[in-house]
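Q: Take this structure first; my questions come after.
The values are calculated or read from the model by the stated rules, or taken from the named source; none is laboratory data. Please read all numbers here as calculations on a predicted model, not as lab measurements. Here the Cβ positions follow ideal geometry from the backbone for every residue, glycine too, while neighbour counts run over all protein chains shown.
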């Protein structure tokens, strides 16, 4: 298989499904199209049964992209559908199928579809593995993942953690680590003044941002405690080394678990007046305002592979504080693009204080230079090279 124009099918979520993986797949399809390839996406007619989906809705309110060929056909829980979809793609004889894998629950459906496709003796299959071992483990994970991996020819991972997990399943299949490209589909940055006016946020406050779905592994509870610790230090000693007279924590994202214990924690810590809660799904058209209104994005994760929030912060030029877990610190050089701390309350609070002392301006030149590494053309090149040699 050479690197000339190819017929490519991306197998994974896309519009009208919402979320980071759908956005990624659509952006990847556009990059392949821009490079002269014939691209279509096979997405889900049913991705998760309603009782398994933790948010309010799986579907986007944004208009369908007019420039993409999206086939809404895959039913994740219907074995007959897997055979039908697999045979349909098999007959098309695409040169390349790029399949996303992020949850073992999808292993049976995707693994069966891929087996049917492989029967044509022509198509190469490259998987972009977001996770191999999930953040929240369930019975059947190992068997489902093993079933999925067998028909795949090669893999792209976006962090060392996922690569290590992948190698616990297969030592021999080709795999490369290619960093998550920047999310550049949410429009251009706006000024901090405009963003804060749009969100009705005080222009002079220092704003920490927690962005994205709220799940236990993302450590929002630790961030709330760390924020309360900073507030207490400032209250007890107004001359403490916290230069900003007022700072707030902006929490933007939908709860993917019961919010009750977070509400109780906020009340117990006495920080409700210093929080800006936007705890619903953030529409694509609104994303830029939350990032651009902030001084720093905080990712206080307990564990991680890679994060879609990191390339989002890069795109909008916002420095980061991340915990030293998974692939996070590899993409946030210490003291340059942001600060790396340990996944505990004391370390997170210390990093937040250090960041305010340094100020955002310290990090911006480094951030602009570092972001050049994360182009979509690098992702497509890695995929095509794998397909050519697998």
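Q: Would you please name the residue that is modelled with the lowest pLDDT, looking only at residues in segment 175-191 that are farther than 22 Å from residue 330 by Cα and in contact with a helix residue (DSSP H, G or I) (Cβ under 6 Å, 6 or more places away or on another chain)? Give the steps one after another, and end with the answer.
A: Going residue by residue through segment 175-191, those that are farther than 22 Å from residue 330 by Cα are 185-191.
Adding the requirement that they be in contact with a helix residue (DSSP H, G or I) (Cβ under 6 Å, 6 or more places away or on another chain) leaves 185-187, 189-190.
Values: 185: 84, 186: 88, 187: 89, 189: 94, 190: 96.
Filtering segment 175-191 for residues that are farther than 22 Å from residue 330 by Cα and in contact with a helix residue (DSSP H, G or I) (Cβ under 6 Å, 6 or more places away or on another chain), the one modelled with the lowest pLDDT comes out as 185.
Q: When the residues of segment 300-316 are narrowed to those that are at pLDDT 90 or above and touching a helix residue (DSSP H, G or I) at 6+ places or on another chain (Cβ under 6 Å), which ends up farthest from residue 157 (Cα to Cα)? If you could, list the steps in order and put the result at the bottom.
A: Within segment 300-316, the first condition is being at pLDDT 90 or above, and the residues that meet it are 300-302, 309-310, 312-316.
Within this subset, residues satisfying the condition of being touching a helix residue (DSSP H, G or I) at 6+ places or on another chain (Cβ under 6 Å) are 300-302, 310, 314, 316.
Numbers: 300: 22, 301: 19, 302: 20, 310: 16, 314: 19, 316: 24 Å.
Out of the qualifying residues, it is 316.
Q: Please give the helices (runs of 4 or more DSSP H) falling wholly within segment 295-390 in which 3 or more residues are buried (at least 21 other Cβ atoms within 10 Å of the Cβ) and within 16 Å of the chain's Cα centre (by Cα).
A: Details: elements: 309-316, 345-358, 364-370, 376-389.
The qualifying helices (runs of 4 or more DSSP H) are 309-316.
Q: Could you give me the residue pairs with C-beta distances under 7 Å whose first residue belongs to segment 17-44 and is in a loop (DSSP other than H, G, I, E, B), whose second residue is at pLDDT 95 or above wherever it lies, and which are 6+ apart or on separate chains?
A: Listed pairs, sorted by first residue: 19/13; 35/380; 37/6; 37/8.
Q: Now, a different point. In this structure, does residue 5 turn out to be surrounded by fewer than 16 Cβ atoms within 10 Å (Cβ to Cβ) and assigned to a loop (DSSP other than H, G, I, E, B)? Full working, then the answer.
A: Details: surrounded by fewer than 16 Cβ atoms within 10 Å (Cβ to Cβ): yes; assigned to a loop (DSSP other than H, G, I, E, B): yes.
Yes: the conditions hold for residue 5.
Q: Anything in segment 329-346 that is modelled with pLDDT of 90 or more and in contact with a strand residue (DSSP E or B) (Cβ under 9 Å, 6 or more places away or on another chain)? List them, or say none.
A: Within segment 329-346, the subset modelled with pLDDT of 90 or more is 329, 332-346.
Those that are modelled with pLDDT of 90 or more and in contact with a strand residue (DSSP E or B) (Cβ under 9 Å, 6 or more places away or on another chain): 329, 332, 333, 334, 337, 338, 339, 340, 341, 342, 343, 344.
Q: Hey, another quick one. Which numbered condition trips up residue 240, out of (1) in contact with a helix residue (DSSP H, G or I) (Cβ under 7 Å, 6 or more places away or on another chain); (2) modelled with pLDDT under 90; (3) buried (at least 17 other Cβ atoms within 10 Å of the Cβ)?
A: Exception for residue 240: condition (3).
Q: Does residue 82 fit the bill of being within 21 Å of the chain's Cα centre (by Cα) and either in the same structural domain as residue 147 (by TED's automatic domain parsing) or at pLDDT below 95 (or both)? Lay out the reasoning, then the answer.
A: On the way: within 21 Å of the chain's Cα centre (by Cα): no; either in the same structural domain as residue 147 (by TED's automatic domain parsing) or at pLDDT below 95 (or both): yes.
It is false that residue 82 is within 21 Å of the chain's Cα centre (by Cα) and either in the same structural domain as residue 147 (by TED's automatic domain parsing) or at pLDDT below 95 (or both).
Q: Does residue 145 meet the test of being at pLDDT 95 or above, buried (at least 21 other Cβ atoms within 10 Å of the Cβ), over 24 Å from residue 5 (Cβ atoms) and touching a helix residue (DSSP H, G or I) at 6+ places or on another chain (Cβ under 7 Å)? If you could, list the steps in order and put the result at the bottom.
A: On the way: at pLDDT 95 or above: yes; buried (at least 21 other Cβ atoms within 10 Å of the Cβ): yes; over 24 Å from residue 5 (Cβ atoms): yes; touching a helix residue (DSSP H, G or I) at 6+ places or on another chain (Cβ under 7 Å): yes.
Against the criterion (at pLDDT 95 or above, buried (at least 21 other Cβ atoms within 10 Å of the Cβ), over 24 Å from residue 5 (Cβ atoms) and touching a helix residue (DSSP H, G or I) at 6+ places or on another chain (Cβ under 7 Å)), residue 145 qualifies.
Q: Same structure, new question: Checking the structure you have, find out if any residue of segment 115-122 is surrounded by 24 or more Cβ atoms within 10 Å (Cβ to Cβ), without any contact (Cβ under 8 Å) to a residue 40 or more places away in the chain, touching a strand residue (DSSP E or B) at 6+ places or on another chain (Cβ under 9 Å) and more than 29 Å from residue 310 (Cα to Cα). Reasoning before the result, please.
A: If we filter segment 115-122 for residues that are surrounded by 24 or more Cβ atoms within 10 Å (Cβ to Cβ), which is where we start, we get 117.
Imposing the further condition that a residue be without any contact (Cβ under 8 Å) to a residue 40 or more places away in the chain reduces the set to 117.
Narrowing further to those that are touching a strand residue (DSSP E or B) at 6+ places or on another chain (Cβ under 9 Å): 117.
Still in the running and more than 29 Å from residue 310 (Cα to Cα): 117.
Looking through segment 115-122, at least one residue is surrounded by 24 or more Cβ atoms within 10 Å (Cβ to Cβ), without any contact (Cβ under 8 Å) to a residue 40 or more places away in the chain, touching a strand residue (DSSP E or B) at 6+ places or on another chain (Cβ under 9 Å) and more than 29 Å from residue 310 (Cα to Cα).
Q: Got a number for residues in segment 145-163 being under 21 Å from residue 304 (Cα atoms) and not in a helix (DSSP H, G or I)?
A: Residues flagged as under 21 Å from residue 304 (Cα atoms) and not in a helix (DSSP H, G or I) within segment 145-163 amount to 5.
Q: Select from segment 60-74 the residues that are surrounded by 14 or more Cβ atoms within 10 Å (Cβ to Cβ) and either in a strand (DSSP E or B) or modelled with pLDDT under 90 (or both) and list them in ascending order.
A: 60, 65, 70, 71, 72, 73, 74
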